[in-house]
Amino acid sequence: MISRSEVKHFANQSPRFDDMICSLPAGPKTPGLMVGETRKVMAIARKFNEEVVRPYALELDRTLHENPDFLPWDFVEKANEWGFYTMWIPKIFGGKGYSMPTMCYFVEEIGSACLAMANLIGVHYLGVSTLNATWNMRLISRLCRDIVAGEKNHTPCLVTLAITEPGAGTDVEEIDLVDKGSVTCQAQKVDGGYKINGSKIFISNGHLSTWHMVIAYADLDKPSESTVALAVKTGTPGFSFGRKENKMGQKGCPASELVFKDCFVPDDLVCMDPAQLAKNKRPVREINMQMIDYVVSATRAGVGAFATGAARGAYEAAVKFASETHVAGKLLINYEWAQCMLAEMYKNVALSRLSYVETNYANGIYGFFREIQKKPMYYYYKMMPVKWLEKMVSSMTEKAWATTWFRKTQFDGQTDEEICRTSGWASLCKFAATDYGIKNCHMALELMGQAGLRHDRGTEKILRDAKLLQIYEGTNQLNRLNLFKCLVAPEHPQAVVFEE
């Protein structure tokens with residue numbers, strides 16, 4: 001009926017098969033143990049919600065309202081006790097080694113109770129992911145072992161991503177925009193390292209973190225070609241904290257200003273710079289975008305999971321209210337109009353979840369997770385004794401060839417189509433899920449009326465917390481443009497993105 005050549009021909013027509021069905025090819029390739037692993041992670045998250053998050057969520061929000069300078073060290077220490085800051089650190093570096101897609105289910109669970117506390121855990125892995133995306137194996141090993149030591153010593157060691165600048169904002173997340181933005185954080189090459197001058201703003205967990213993945217630029221006129229990623233430790237001379245934002249929502253997770261004045265970073269803490277990429281096939285400019293795409297293709301799925309948690313939290317608050325409230329002698333939940341609203345809200349939760357699941361499938365076969373989720377590698381990694389893995393890998397990570405090999409495999413080995421597929425789906429997930437989260441918050445308040453505005457109900461807090469999801473990890477407007485660039489424009493050569 002149809003030949004192989006015809007299948008190939010029609011598969012490449014717009015929309016391409018592979019862009020439509022990430023989950024179908026991923027399904028049989030996904031290790032079966034990941035199902036049980038995911039169930040365990042979700043169970044841990046629900047237990048943590050019951051014992052820690054729900055009893056503390058409104059109290060933390062009130063505390064930050066009364067004292068905007070408060071830092072939630074008590075919660076960070078509790079999360080550290082539960083092992084959450086090493087949960088997704090690879091076993092070869094001493095972590096627990098859970099597969100990365102399970103984190104989305106985890107943050108959905110925590111986010112359904114409190115997005116701020118979910119972010120106090122989740123945003124740590126934004127910093128870790130940025131470190132990993134430089135494929136600098138020596139520094140990955142060093143910082144991950146610091147995080148593990150922080151858990152053992154009861155001194156939490158968190159990592160941030162410091163990329164946003166006062167005059168650039170979202171521009172720094174798109175290589176076609178960064179040259180048009182007003183970036184000012186400069187990394188000047190000096191003997192033995194770099195000297196940083198400038199500032200970063202809206203850095204989640206900044207005041208709480210030990211390490212900061214700082215994205216700076218050697219040439220402020222050509223930042224797209226001169227990006228430098230550096231690991232800066234709190235307490236480094238020339239580095240200090242500025243103000244802490246007094247936010248509308250997610251008050252429990254601090255958004256910090258980081259200030260650099262002649263801050264010297266030695267060569268051994270330079271994660272990636274143009275000179276290190278000279279042996280790769282792709283131009284430096286493209287690799288800089290690819291590094292960002294590796295990170296956000298994973299973390300925008302995480303933001304989608306946060307948003308799913310918000311949508312679910314609003315839905316659950318509305319169901320509870322409708323199940324307890326009588327209107328004209330009849331439970332609200334028994335009115336058809338209320339049932340239609342609740343069904344719509346449930347649909348929004350389900351579609352949000354499907355968007356982050358599909359994005360993780362894309363990352364598993366085309367993106368960040370593709371090597372570690374191949375069945376032989378996954379089972380080898382899971383079954384081998386940790387001490388043997390550490391002995392085998394720890395010496396290897398110190399060798400320069402290991403970083404060179406990983407960069408060639410990951411940067412040169414990922415095709416343009418695969419980059420577009422993972423990045424495009426991540427953007428779809430990010431703006432779709434966050435819009436659904438906001439929609440459910442509005443519907444919950446509409447159904448609950450004035451009762452929904454009471455702080456002790458928690459519903460208005462969900463709305464305040466959810467609004468920020470539409471802004472960070474690239475605004476929803478940028479993510480719509482990125483989806484167009486990745487999934488629409490390749491089939492329409494006349495389309496030009498980011499031209500204005």
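Every number here is computed from the coordinates shown, using simple stated rules; none is lab data. These numbers were taken from a predicted model, which means no experiment stands behind them. Neighbour counts are summed over all protein chains in view; Cβ atoms, including those assigned to glycine, are modelled from backbone coordinates with ideal geometry.
Once C-alpha pairs closer than 8 Å and six or more residues apart are averaged by separation and normalised to the residue number of the chain, the relative contact order reads 18 percent.
The slack in the chain from Phe484 to Arg243, taken as 0.36 nm per residue of separation less the alpha-carbon distance, amounts to 83.1 nm.
You can think of it this way: the chain between Gln477 and Phe498 has 6.4 nm of extra reach, that is 0.36 nm per residue less the Cα-Cα gap.
Here the spin labels are modelled as points 7 Å beyond Cα on the Cα-Cβ line, and at Leu351 and Asp268 they lie 5.3 nm apart.
Expressed as a whole percent, the proportion of Cα-Cα pairs in the chain lying more than 33 Å apart is 38%. Neighbour counts of other Cβ atoms within 10 Å put Lys91, Lys347 in the fewest-to-most order Lys347, Lys91. Computed from the Cβ-Cβ distance with R0 of 45 Å, the FRET efficiency linking Ser395 to Gln188 stands at 0.85. Left without a cysteine partner by the 4.7 Å Cβ rule in the chain: Cys22, Cys104, Cys114, Cys144, Cys157, Cys185, Cys253, Cys263, Cys271, Cys340, Cys429, Cys441.
Taken over segment 23-151, the convex hull of the Cα atoms encloses 125 Å³ per residue. Diffusion coefficient of segment 383-500 by Stokes-Einstein, Kirkwood radius over Cα pairs, 25 °C, 0.890 mPa s: 132 µm²/s. Long hydrophobic helices in the chain, taken as whole DSSP H segments with a C-alpha length of 20 Å or more on their own axis and mean Kyte-Doolittle hydropathy at least 0.0: 33-48, 137-152, 284-324.
Give the shape of segment 159-274 as rounded, prolate or oblate, defined through the alpha-carbon gyration tensor: a ≥ b ≥ c are the square roots of its eigenvalues, a/c under 1.5 means rounded, and otherwise the shape is prolate if a/b is larger than b/c and oblate if not. Oblate shape, in that a/c is at least 1.5 and b/c is the bigger or equal ratio. Descending by average beta-carbon neighbour count within 10 Å, the peptides 448-457, 110-119 line up as 110-119, 448-457, the highest first.
Note on segment 113-169: semi-axes of the ellipsoid equivalent to its C-alpha gyration tensor, largest first and rounded to whole Å, are 21, 19, 9. The length gained on full extension between Asp146 and Glu51, counted as 0.36 nm times the residue separation minus their Cα-Cα distance, comes to 31.4 nm.
Expressed to the nearest 5 percent, the antiparallel share of DSSP beta bridges inside the chain is 85 percent.
Computed over segment 441-484, the convex hull of the alpha-carbon atoms projects to a mean area of 3.6 nm². Orientation-averaged projection of segment 137-189 equals 5.6 nm² [convex hull of Cα atoms, one quarter of hull surface area].
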